[in-house]
Amino acid sequence: MQVLQTLIRFARKPSRDKLRSVKRKVRKYLLERDSNVPRFGNDKTAYVIGLTGSGRLYINELILKNIGKRAKYFRDDRIRIHRGPTSMIYSGHATIKHSSLFQALPAVTSQVLEAVGSGFADLIFVYRHPLDSLLSNWIWWRAYIRHHTFLAAISRDYKNIDNLCADLEQNFLEFKAFADGDPDFFAALADRTGSSSAASQRFLSFPEFVEETLLFLESATLPLRLEDFMIDPFNEFSKITKVMSVDLDSTRLRLDPPRTKAYRYLAVKEKVPQFRDYIDGLDAETKRRIEKIGYPKI
């Protein structure tokens, strides 16, 4: 209540801009309380989950542009759990088994899965080939640790595949440390922030990433493969609207395909022998899981 009272006092100030701002904050505050969370028709709370580097932001963009009025109940921040069905849509990174930096903890995900099992929530899981995610995540993390930027991406930072391969070849030991989940890779982050947790709680190793993907696929209401959106975004997005029970005018949809490329790892594998050796040296269980996810033998 103290937060709400503060917002109300702020709203009494004469500035119209401040008044509009505080109304938005009050509305958001009320939406986040179970007693005031909206539900229309047969809506269920929707959770759009993806491990980092899997295309979740692309799906977010499609949802916000194309689901009409329900988009105002979309939140891309903290994943919240409700005691019954709502019209809210929460998007975020999360894990089921392994704790990882910048992803909701398994304790949170277990509550999401309980809600799905109880029938008042849906889990939409976005994924792509894990080796493509691995390359994207390495680029993102090294830029974040070095320059504290959130904008690094292969398509943005490299003019062509040859430049990416040259960078990987030159910095392969760093890449290997990241892929192995080596805490030393994240030591620079701890040094900069003065926090020991950054070094002790690192990002997922590649085998853990693959395992998490499979666990989500076994639990999701709707799995969405990013590569399929590159082929037919309309067909794939229609699956989302069906799960969310959203009726739309198809003539007004704006459904551009993803800007990233599918199976980029294959070209890198051909040009960087160390990367090829890394793939060949993956343990048998990780290779089996990649095939079970639905991708051909690597």
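Brief remarks on what is shown
- Kirkwood Rh and Cα Rg combined as Rg over Rh, evaluated for segment 57-120: 0.99
- Between Asn235 and Asp162, the simple label model (points 7 Å from Cα in the Cβ direction) yields a spacing of 3.6 nm.
- Residue-by-residue Karplus 3J(HN,Hα) for segment 286-298, coefficients 6.51, -1.76, 1.60, Hz, glycine and proline x: 5, 4, 5, 5, 4, 5, 5, 4, x, 10, x, 4, 7
- Segment 98-189 - convex hull of the alpha-carbon atoms, volume per residue in Å³: 128 Å³
- Neighbourhood charge, 13 Å Cβ-Cβ cut-off, centred on Thr286 and excluding it, Lys, Arg +1 and Asp, Glu -1: -3
- Segment Leu266..Asp180, full-extension length gain: 29.0 nm, with 0.36 nm per residue of separation and the alpha-carbon distance subtracted.
- Each Cα pair under 8 Å and six or more residues apart adds its separation to the average, and for segment 42-99 the resulting relative contact order is 50 percent.
- On segment 155-298, 47 percent of the accessible area sits on carbon and sulfur atoms, based on a 1.4 Å probe.
- Kirkwood Rh in Å, taken over all unlike Cα pairs in segment 199-244: 12.7 Å
- Just so you know, the Rg over Rh for segment 128-175 is 0.94, from Cα atoms, with Rh as the Kirkwood radius.
- Total formal charge among the other residues, if their Cβ is under 9 angstrom from that of Lys97, Lys/Arg +1 and Asp/Glu -1: -3
- Protein heavy-atom accessible surface, 1.4 Å probe, per residue over segment 125-189: 44 Å².
- Once the gyration tensor of the Cα atoms in segment 222-298 is diagonalised, the equivalent ellipsoid follows with semi-axes of 34, 16, 6 Å, ordered largest first.
- With coordinates expressed along the principal axes, the C-alpha atoms belonging to segment 49-158 extend over 45, 33, 25 Å, beginning with the largest.
The values are calculated or read from the model by the stated rules, or taken from the named source; none is laboratory data. This structure is a prediction, so every number in the text was calculated from the model and none was measured. Note that we place each Cβ from the backbone using ideal geometry, even for glycine, and neighbour counts take in every protein chain shown. Surface accessibility is based on the protein's heavy atoms, side chains included, excluding ligands, DNA and RNA. Shrake-Rupley method; radii C 1.70, N 1.55, O 1.52, S 1.80 Å.
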